[in-house]
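For reference, the structure is listed below as structure tokens.
The values are calculated or read from the model by the stated rules, or taken from the named source; none is laboratory data. A quick note: this is a predicted structure, and the numbers were derived from the prediction, not measured. Cβ placement follows ideal geometry from the backbone for every residue including glycine, while neighbour counts extend to all protein chains displayed. What goes into the accessible areas is simple: the full protein's heavy atoms, side chains included, and nothing from ligands, DNA or RNA. Shrake-Rupley method; radii C 1.70, N 1.55, O 1.52, S 1.80 Å.
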Amino acid sequence: MGLNQLVLATRNRDKVKEIRHIMMNGHWEFLSLLDFPEMAEVAEDGKTLLDNALKKARAAYRWTKTASIADDTGLEVDQLNGDPGVRSSRFAGENVSYRDNNEKLLRLLQDVPREKRTARFRCIVVFADGRKEKWVEGICEGIVLSEYCGVGGFGYDPLFYVPEKGKTFAEMSREEKNAISHRGKAFRLMGEWLKNVLD
Ligand code: IMP
């Protein structure tokens, strides 16, 4: 029996590697948009994470004619009324570095005490194959530190402290992070759903 093909609607090699690792179980042959270089970029201009993930999954399916999954993630800081949220990658402006975003976050939370620095990563994953659509969500709760801690990971990882582990995402191994992260939870849920639907 041939494997089911699944397109990961991203061109980010690190993401492709991470998602393959999380969902790996011999059920799928994973492709990504790196295999479809002619497909145009999809603007992530939705008002919510779900809007963006839906838009990316539908666009990937339309272009590739293959079942597709897409994700969108945001960091929601309670003291900032849920910001940066859907704007997490461009919090400090267009084409900014992770460092610029982190510095803005530190600045905005400058005088906020630890107990009020609560935040969460939310990851939405969408499946679309022209007939069915399904979305799932993964959440990881934490605290935004007032200084950087750890050198691993990417994005807001050095500031995002997970109390249940006693360390930041940037201090965790890839396996440790995947086991508890928003993305790990969401993709495992999607993996379970897909297994039942596609078998
Ligand atoms: P994306 O939707 O996965 O591209 O994530 C949007 C933005 O959220 C990224 O540019 C990062 O700044 C941030 N982000 C997403 N996931 C993580 C994570 O696991 N750790 C730290 N930052 C993240």
Quick one: Tyr61 ticks every box in (1) touching a residue at least 12 places away in the same chain (Cβ under 8 Å); (2) part of a helix (DSSP H, G or I); (3) more than 25 Å from Glu29 (Cβ to Cβ) bar one, so which box is it?
(3)
Does Leu49 satisfy the criteria of being within 12 Å of the ligand (Cβ to nearest atom) and in contact (Cβ under 8 Å) with a residue 40 or more places away in the chain?
yes
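Mind listing just one residue for me: the one in the range 137-183 that is assigned to a helix (DSSP H, G or I) and more than 10 Å from the ligand (Cβ to nearest atom) and, of those, farthest from Ala67 (Cα to Cα)?
Only one residue fits best here, namely Glu171.
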Of the criteria (1) buried (at least 18 other Cβ atoms within 10 Å of the Cβ); (2) within 11 Å of the ligand (Cβ to nearest atom), which one Tyr98 fails
(1)
Of the residues in the range 162-199 that are within 21 Å of Val77 (Cα to Cα) and open to solvent by 50 Å² or more (accessible area, probe 1.4 Å), the one that is nearest to the chain's Cα centre (by Cα) is Lys185
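Can you confirm whether Glu18 is without any contact (Cβ under 8 Å) to a residue 12 or more places away in the chain and part of a helix (DSSP H, G or I)?
It is false that Glu18 is without any contact (Cβ under 8 Å) to a residue 12 or more places away in the chain and part of a helix (DSSP H, G or I).
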Being open to solvent by 30 Å² or more (accessible area, probe 1.4 Å), more than 11 Å from the ligand (Cβ to nearest atom) and in contact (Cβ under 8 Å) with a residue 12 or more places away in the chain is the filter here, so list the residues in the range 111-136 that pass it.
Arg114, Lys116, Thr118, Arg120, Gly130, Lys132, Glu133, Lys134, Trp135
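If you take the residues of the range 74-91 that are assigned to a strand (DSSP E or B) and not charged (D, E, K, R), which of them is farthest from the ligand (Cβ to nearest atom)?
Checking each candidate, the answer is Val77.
Within the range 92-105, which residues are part of a loop (DSSP other than H, G, I, E, B) and at pLDDT 95 or above?
Kept after step one, since they are part of a loop (DSSP other than H, G, I, E, B), are these residues of the range 92-105: 92-97.
If the condition is that a residue be part of a loop (DSSP other than H, G, I, E, B) and at pLDDT 95 or above, then Ala92, Gly93, Val96, Ser97 are the ones that fit.
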